[in-house]
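Peer 1: First the structure, then my questions, so here it is.
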Amino acid sequence: MTIALATRRPRRALHLFRHSLAHPAPDATPSTTEGLVWLFFHYRQPQLALEALSLLHHSGRRIPVQLATKVLRGTYDSLVLDQDRMNVVFGWLKSGITGREEGGGETMDEGLVETVLELLARMGRTDVLVDLFEAYLAALPTPSIGPDRIWSLTIRSLGESGDLAAASALFARWRSLHLSTSTPPPEGPYLTFLRLLASHSSHLPPHKSPAYAFLPTLAEDDLPPTVGVHNALLHLELARRAYPSFWTIWAQLSPPPPSTSPPSPSTTTSPSANAASYALAVRALLLQSLSPWHHRRRTHRHGPSPRSLLSSLLLSSSLLSSSRPQFALPTPLGPPFLSPKLLNSLLHLFITTRDYPSAVLILESFRVHAIEPTEKTHEIVVLGIRGCSGGN
């Protein structure tokens, strides 16, 4: 098979695979057969991998979720035109996740289930996502209600698809199940649902907003005031362009403690700002700078200046790295606290406000912190130079 694929004879390879199923070798194992299917992916033949999996399924073998997920990624465009075949692939996923396919199958791990649901969410197949989610819950042992990450993912997918009522019902279901246990509530589903409410009600005043009506639930369920909760509240206020209350919440966050310092009562009284907090703050300053002049006059006194926010960000990054220099090659990801996306947002902010010395400092920060500039970085610089020169 390898020679046939390497010499661009994929149909010959599929014929050999069919022959291996009809006449298996004495030492052949299920892992061996699955490895042959992976060869089609290795040689970029996803359509033939789909045919191979169909042959494997018709022979009564179990289709691993990893292979079903891979073939769905590689052949989705063609499967859209063949709904019957797509439903077959969805059936493989469902059988693999629940572990109830004929011939037996093991229950899948949480990470793989999350990967499959994320893939379906990106494809916009919320209907199949909910079906697989319910099948996964049904296969769990009776005391278990499933990980909160998978509940959060499903709630977010329903809300982003426009079905906020279904997302609300699913959150209420999760909350009822979790409150019946004795474990502290995880913040994930609460914050996911709060962000959905904020996105769908940003045009409403606070007394009519379901997001504000939901806030007492956080205190009622004894959710601790973590940085995640603060970020969700910042997101809520930013969606409404309520800058005074946004910066009031921002002021309650403290810089992160040095990575070498153990937590102490004085440093844990308020949650520490993280990269998401700074991204929201930069976004708020950018929106304020782009707002009409008469509106800026009312809001300019709220919040830090862009330069002071940059100083706080660089100080926080220095504390997290214990002020050690970066001896690393540039990477697309960047350090844990700084990221190309965050630096690009700051670069956009300073160019928008015509603070070019600070913009140069941001560009220098890419080198100092060993972060590789992205296409967005170059786009911001080019458009900034064009704007500075008046378009000439």
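The values are calculated or read from the model by the stated rules, or taken from the named source; none is laboratory data. None of the values given here were measured: they were computed from a predicted structure. A quick note on method: Cβ atoms are made from the backbone with ideal geometry, for glycine too, and the neighbour counts reach across all protein chains shown. With ligands, DNA and RNA removed, areas are computed over all heavy atoms of the protein, side chains included. Shrake-Rupley method; radii C 1.70, N 1.55, O 1.52, S 1.80 Å.
Peer 1: Outside any helix (DSSP H, G or I), open to solvent by 30 Å² or more (accessible area, probe 1.4 Å) and modelled with pLDDT under 85: does that describe GLY104?
Peer 2: Working: outside any helix (DSSP H, G or I): yes; open to solvent by 30 Å² or more (accessible area, probe 1.4 Å): yes; modelled with pLDDT under 85: yes.
The answer is yes for GLY104.
Peer 1: Now a separate question. Just to be sure, is LEU204 open to solvent by 30 Å² or more (accessible area, probe 1.4 Å), over 17 Å from LEU158 (Cα atoms) and assigned to a loop (DSSP other than H, G, I, E, B)?
Peer 2: Details: open to solvent by 30 Å² or more (accessible area, probe 1.4 Å): yes; over 17 Å from LEU158 (Cα atoms): yes; assigned to a loop (DSSP other than H, G, I, E, B): yes.
In short, yes.
Peer 1: Determine which single condition PHE350 fails, assuming it passes every other condition in (1) at pLDDT 70 or above; (2) surrounded by 19 or more Cβ atoms within 10 Å (Cβ to Cβ); (3) under 24 Å from the mean Cα position of the chain (by Cα); (4) in a helix (DSSP H, G or I).
Peer 2: (3)
Peer 1: May I ask you to say which residue of SER339, SER323, SER316 is at pLDDT below 80 and surrounded by 16 or more Cβ atoms within 10 Å (Cβ to Cβ)?
Peer 2: Numbers: SER339 fails: at pLDDT below 80; SER323 fails: surrounded by 16 or more Cβ atoms within 10 Å (Cβ to Cβ).
Sole residue among the options that is at pLDDT below 80 and surrounded by 16 or more Cβ atoms within 10 Å (Cβ to Cβ): SER316.
Peer 1: Just one of the numbered conditions (1) over 28 Å from GLY303 (Cα atoms); (2) part of a helix (DSSP H, G or I) is not true of SER199; which one?
Peer 2: That leaves (1) as the condition not met.
Peer 1: Quick check on my filter: what residues within the stretch 77-97 are in a helix (DSSP H, G or I), charged (D, E, K, R) and over 14 Å from ASP131 (Cα atoms)? Can you show your working first?
Peer 2: Initially, the stretch 77-97 is screened for residues in a helix (DSSP H, G or I), giving 77-79, 83-97.
With charged (D, E, K, R) added as a condition, the list becomes 77, 84-85, 94.
Those that are in a helix (DSSP H, G or I), charged (D, E, K, R) and over 14 Å from ASP131 (Cα atoms): ASP77, ASP84, ARG85.
Peer 1: Continuing with this model, one more query. Condition first: within 28 Å of the chain's Cα centre (by Cα), open to solvent by 40 Å² or more (accessible area, probe 1.4 Å) and touching a residue at least 40 places away in the same chain (Cβ under 8 Å). Now tell me which residues in the stretch 35-79 satisfy that.
Peer 2: Matches in the stretch 35-79: GLN66, ARG73, TYR76.
Peer 1: Condition check: more than 17 Å from PHE214 (Cβ to Cβ), without any contact (Cβ under 8 Å) to a residue 60 or more places away in the chain and in contact with a helix residue (DSSP H, G or I) (Cβ under 7 Å, 6 or more places away or on another chain). Does SER152 satisfy that? Walk me through how you get there before you give the answer.
Peer 2: Working: more than 17 Å from PHE214 (Cβ to Cβ): no; without any contact (Cβ under 8 Å) to a residue 60 or more places away in the chain: yes; in contact with a helix residue (DSSP H, G or I) (Cβ under 7 Å, 6 or more places away or on another chain): yes.
It is false that SER152 is more than 17 Å from PHE214 (Cβ to Cβ), without any contact (Cβ under 8 Å) to a residue 60 or more places away in the chain and in contact with a helix residue (DSSP H, G or I) (Cβ under 7 Å, 6 or more places away or on another chain).
Peer 1: Something else about it: With respect to the numbered conditions (1) open to solvent by 50 Å² or more (accessible area, probe 1.4 Å); (2) of a type outside the set (Gly, Ala, Ser); (3) modelled with pLDDT under 75, which one is the sole condition not fulfilled by PRO258?
Peer 2: Against the list (1) open to solvent by 50 Å² or more (accessible area, probe 1.4 Å); (2) of a type outside the set (Gly, Ala, Ser); (3) modelled with pLDDT under 75, PRO258 comes up short only on (1).
Peer 1: Go through (1) part of a helix (DSSP H, G or I); (2) closer than 21 Å to ASP221 by Cα; (3) hydroxyl-bearing (Ser, Thr, Tyr); (4) open to solvent by 60 Å² or more (accessible area, probe 1.4 Å) one by one and return the number of the condition THR192 breaks.
Peer 2: For THR192, the failing item is (4).
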